[in-house]
Amino acid sequence: MPSSINKQFRQLETLREADMTRVHDIYPNDRVSLREVGLRDGLQLVKTFPSTAAKQRWVRDEYAAGVRHFEVGSFLPAKTFPQFVDVRDVIATVAALPGAHGVALALNERGVNEALASGVAEIASVVSATEEHSQANANRSRESAIENIRRLCELRDASAHRPLVNAAISMGLGCSIVGAVDPNEVLRLTEKLYEVGVDMVAIADTVGYAGPKQVGELTRGAVKIAGSKPVCVHLHDTRGMGIANASAALDEGARVLDGSLGGLGGCPFAPGATGNVVFEDLVFLCESKGFPTGIDLDRLIEVRSILKAEMPGETLYGGLARAGLPRGTRAKAA
């Protein structure tokens, strides 16, 4: 091998080792990381949305409660998705908080380039679990979607700040078009996504079809494929299984879980969907299972007041907010 190629190979290996260290710093394997996705997934379908100042208070108040991982918005056309026009301002707000980590969604190369220019710490993208959903939702094949993510990884590698890249497998536990999804196909996609260079794969029950058995078995398979890399499980509570499914995912080795404050959100492909797993209830689940979160639940619940004031027409969910913590229970921020 020529010395110049040898040098380039060693440099690439050094960068990859540094990237893996950074992944483990942000998503440690020995504890649970909870990502609050209300500012992106939670605002996807709302008719009214918070002002930029209110979003910034939302982030800062959750941070004060102990939250460290925030999905902050999407790089999508402002004309179609005006709720994300201020995504760069929210990214900057998260970046200014020591130890906070921001994630933004980008679905094409234009969006990826905008995300890279913003300096966001992590870029997310999506592949559908079924060919039918991929064609209906994005007008492209799954293989084309994977090639887009390969390109995203190449752009990351060429960038100055090398953000993390995660890829969600939407409809991973049931599809709104074809129904049941073969878990082996989801695991094939998981393996392929790690091969093209993503730092993390997220298994998404986008329409809330699954129960704990399905979630546990698929999580176990994904964790085995991921090796030392993290696996995220993204759940919706459409049929009331969200917390039970999160518990099953934890039992099988998932250490990154998504939820939204007040269960805000909903999927356009799941009529009647009640949104993501309630973030507050997810924190309580983790604490009850012996996974410290460093999140003060009393202070976290207080942040709901921002949502109530800014979006009075949106329904907020959550057993903990309704009933309160059990007597004598406190989960205080570290």
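Axis angle, to the nearest 10 degrees, between helix 109-118 and the longest C-alpha principal axis of the chain: 70 degrees. Volume of the convex hull of region 74-206 (Cα atoms only), normalised per residue: 108 Å³.
Nearest 20 debye, what's the magnitude of the dipole of the chain about its Cα centre given +1 on Lys and Arg Cβ and -1 on Asp and Glu Cβ?
Working: 37 positive and 40 negative charges, 81 e Å.
Taking the Cα centre of the chain as origin, the dipole is about 400 debye.
Tell me the carbon and sulfur percent of the accessible area for region 29-94, rounded to whole percent, probe radius 1.4 Å. Of all accessible area on region 29-94, carbon and sulfur atoms account for 53 percent.
Please compute, over every Cα-Cα pair in region 177-329, the percentage with a separation greater than 18 angstrom. List each step's numbers first, then the result.
Values: 6951 of 11628 pairs.
Result for the distance tail: 60 percent.
Taking only protein heavy atoms and a 1.4 Å probe, what accessible area per residue, in Å², does region 168-227 have with all protein chains in place? Write out the running numbers ahead of the final one.
Numbers: 2230 Å² over 60 residues.
Per-residue accessible area for region 168-227 comes out at 37 Å².
Modelled label positions at ALA158 and GLU195, each set 7 Å beyond Cα in the direction of Cβ, lie 2.3 nm from each other. In this structure, the residue pairs whose Cα-Cα separation is over 25 Å, taken from LYS213/LYS289; LYS192/LYS289; LYS47/LYS289; LYS55/LYS79; LYS55/LYS289, are LYS192/LYS289; LYS47/LYS289; LYS55/LYS289. Peptides 53-64, 191-202 ranked from most to least packed by the mean count of surrounding Cβ atoms within 10 Å: 191-202, 53-64. Given R0 = 51 Å, the distance between the Cβ atoms of GLU147 and LYS289 translates into a calculated FRET efficiency of 0.85.
When the accessible area of region 153-263 is split by element with a 1.4 Å probe, what percent falls to carbon and sulfur? If you can, show how the numbers build up before the last one.
Numbers: 1870 of 3660 Å².
Heavy-atom surface of region 153-263 belonging to carbon and sulfur, 1.4 Å probe: 51 percent.
In Å², and per residue, what accessible area does region 80-161 have when probed at 1.4 Å with the other protein chains present?
Details: 3470 Å² over 82 residues.
Ligands and nucleic acids excluded, the result is 42 Å² per residue.
In the chain, taking the dipole from charged Cβ atoms about the Cα centre, the farthest positive-side position among THR190, THR206, PHE291 is held by PHE291.
Computed on region 47-127, with alpha-carbon pairs under 8 angstrom and 6+ residues apart, the relative contact order is 30 percent.
Here semi-axes √(5λ) of the Cα gyration tensor in Å was computed from the coordinates, and among (1) 56, 34, 19; (2) 36, 21, 18; (3) 29, 22, 21 the match is (3).
The values are calculated or read from the model by the stated rules, or taken from the named source; none is laboratory data. As the structure is a computational prediction, the values presented were derived from the model and not from experiment. Every residue, glycine among them, receives a Cβ derived from its backbone with ideal geometry; neighbour counts consider all protein chains shown. Remember, those area values only see protein heavy atoms, side chains included, never the ligands or the DNA or RNA. Shrake-Rupley method; radii C 1.70, N 1.55, O 1.52, S 1.80 Å.
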